[in-house]
Amino acid sequence: MRRVGAVVGGAVLLAALVGCADRQDGARFGGAPHPAPPPDSAEAAPQPIPGHPTPPAGGVVLPAVQVDAAALPDGHPRLVWTGDEGRTVGVYGQEGGCGRVRADLLKQTDSVIRIGLVETIPTTGPCTMDLRFPPLSVQLDDPLEQRTVLLERRTVGPPP
């Protein structure tokens with residue numbers, strides 16, 4: 001009986017060592033790799049998030065220096081593009097469960113285009129726990145050119 005206990009204990013120890021030895025370089029707890037470092041150049045365009053769509057055909061990604069997404073929460077896509085010769089600005093919204101997101105053009109000046117990403121949650125549940133990133137766009141009066149795109153996010157609802 002003692003021999004069976006030693007064999008089982010040895011097998012458990014061996015399985016633990018094999019599991020630890022297969023760890024990928026740079027992986028954190030749970031096997032998730034460390035996030036990629038930020039681009040070296042402030043002029044570099046933000047890279048799409050893996051698994052998320054890139055701009056639609058004909059969309060031109062804006063350089064990071066032309067996008068102010070500081071008000072967005074972590075994990076929210078920050079990819080912004082233009083189309084229609086600069087008269088359309090596209091972004092990805094973030095919605096989940098019962099929520100629906102829209103893009104509102106809040107302000108147009110000579111230097112800034114302010115876009116509000118508004119998620120409306122119509123119910124208190126039950127809702128699914130998924131996240132979706134639909135492409136959204138706003139139409140500008142004049143082409144974007146060198147103006148900065150300022151992104152904001154807010155949630156409306158659920159009703160009391």
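Read-outs: derived from the displayed coordinates by stated rules, not from any lab. Here the structure is a predicted model, which means the values were calculated and not measured. Here Cβ is always computed from backbone atoms with ideal geometry, including for glycine, and neighbour counts include all displayed protein chains.
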Amide hydrogen neighbours beyond the local backbone of L106, cut-off 5 Å, H modeled: R114, I115, G116
Sites R87 and T54, calculated FRET efficiency, Cβ-Cβ separation with R0 22 Å, nearest 0.05: 0.60
Gain on full stretching of the segment that runs from T109 to V65 - 0.36 nm per residue minus C-alpha separation: 14.1 nm
Burial order of peptide ranges 60-69, 125-134, 141-150 (average beta-carbon count within 10 Å, highest first): 60-69, 141-150, 125-134
Near-label residues of segment 125-154 by backbone N, under 11 Å of a point 7 Å along Cα→Cβ of C98: 125-128
Residue-by-residue Karplus 3J(HN,Hα) for segment 133-138, coefficients 6.51, -1.76, 1.60, Hz, glycine and proline x: 10, x, x, 10, 8, 10
Packing-based exposure ordering (other Cβ within 10 Å, fewest first) of T120, T109: T109, T120
